[in-house]
Amino acid sequence: MFNLKPEVVARLERVLSSVEMLLPRAIAPVDWSGCYAANWRRHSFSGYLEAVRVTDTTTLEELLGVDEQKEVMLHNTRQFLMGLPANNALLWGSRGTGKSSLVKALMNKFAPEGLRVIQIEKEDLIYLSEIFSAVENEPYRFILLCDDLTFEVGELSYKMLKSALDGSVYSPPENVLIYVTSNRRHLLPEYESDHLGGKFVRGELQQSEAMEEKVSLSDRFGLWVAFYAFSQDRYIDAVRLSISREARERKVEIPWTKELEREAIQWSQEKSKRCGRTAYQFSKNYVGRFLLPA
């Protein structure tokens, strides 16, 4: 045995404590047989998959005004589950119109058939290869979901995602597909100056180098699925559905009235947005007030 001085022992203990803080915490592997979704949690120089309890019970039937989008994503996800060719998808468009809800509804529908979802934040896209390694030998099919994604020019995570979509050494294994939601069609901010510098080649207008770079990432998604703001009639349908769902969960009846409809329209005008999210928020407010004791 070495006879170390007390001050050396104290110093070693401090070093060990510091090292322990850098190491990932001990956590059991995700049991995908009973877990449908997980988050990637960053820790120090790496991270780990953390199982999450699914509380969103949204079904495809409850998503209004996005029938074409549902059909496209249903077919693509079915193809993927059956081991057939399928595309990575970019769901883009107006905020609150059901992009994220559609992915969650797909998970709720296909989870019994082996579909699982891993959600990852933009900053953690640099760990894509580690996530792929963690699930490539699992007997399940995984959707890697990056929600509400936007980039600034030059970000490292942008380059990592671009490489993964491009089929480089960072490309996902056969049992992983990438779904991204964003308010931006090209995931990067666009400026008027980006369109300057275009030129005609053999009679056709070629984009400027700035625009070529900005579309180079979105071009790597096989599917572009666009979402748009609701018409007023579609918004009212969404309010009806949301209020009906809230009432059903609480085993009460809430009558539909003209006054309720006027309140819903006024709510959307104050929000300056007609979409599923606005309808959902209004239903929470209205049902809560309806059930509040006098």
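Coordinate-derived values only; no laboratory data. As the structure is a prediction and not an experimental result, all values here were calculated from the model. As a convention, Cβ positions derive from the backbone with ideal geometry for all residues, glycine included, and neighbour counts pool all protein chains shown.
Kirkwood Rh, Cα Rg: Rg to Rh for region 58-199?
Working: Rg = 15.9 Å, Rh = 16.1 Å.
Reported Rg/Rh, Kirkwood definition of Rh: 0.99.
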Worksheet item: Non-local amide H neighbours of A229 (under 5 Å, H modeled in plane, Pro and chain starts lacking H): which ones?
Response: S94
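Hey, which of these cross-link pairs are over 30 Å Cα-Cα: K109/K159; K104/K258; K109/K251; K104/K273? Could the numbers behind the result be given before it?
Numbers: K109/K159 33 Å; K104/K258 33 Å; K109/K251 24 Å; K104/K273 22 Å.
Among K109/K159; K104/K258; K109/K251; K104/K273, the Cα-Cα distance tops 30 Å for K109/K159; K104/K258.
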Worksheet item: Each residue of region 92-101 in turn: what ³J(HN,Hα) in whole Hz from Karplus with 6.51, -1.76, 1.60 and θ = phi - 60°, glycine and Pro shown as x?
Response: 10, x, 4, 5, x, 9, x, 4, 5, 4
Discussion item. Can you give me the long-range amide H partners of A37? Hydrogens built in the peptide plane at 1.01 Å from N, cutoff under 5 Å, separation of 5 or more residues or another chain.
Written reply: V52, V117
Worksheet, complete the sentence: The answer for L144, listing residues at least 5 apart or on another chain whose modeled amide H is closer than 5 Å to its amide H, is I118, L177, I178, Y179
Fill in: Table column - 3J(HN,Hα) (Hz), region 216-223, Karplus curve with 6.51, -1.76, 1.60, x for Gly and Pro
5, 7, 4, 4, 7, 7, x, 10
Response to the item:
With a Förster distance of 25 angstrom and the Cβ-Cβ distance between R95 and L223, calculated FRET efficiency to the nearest 0.05 equals 0.80
Worksheet, complete the sentence: For region 59-75, Karplus-derived ³J(HN,Hα) couplings (6.51, -1.76, 1.60; θ = phi - 60°; whole Hz; x for glycine and proline) come out as 10, 4, 5, 7, 8, 9, x, 9, 4, 5, 5, 4, 4, 4, 6, 4, 4
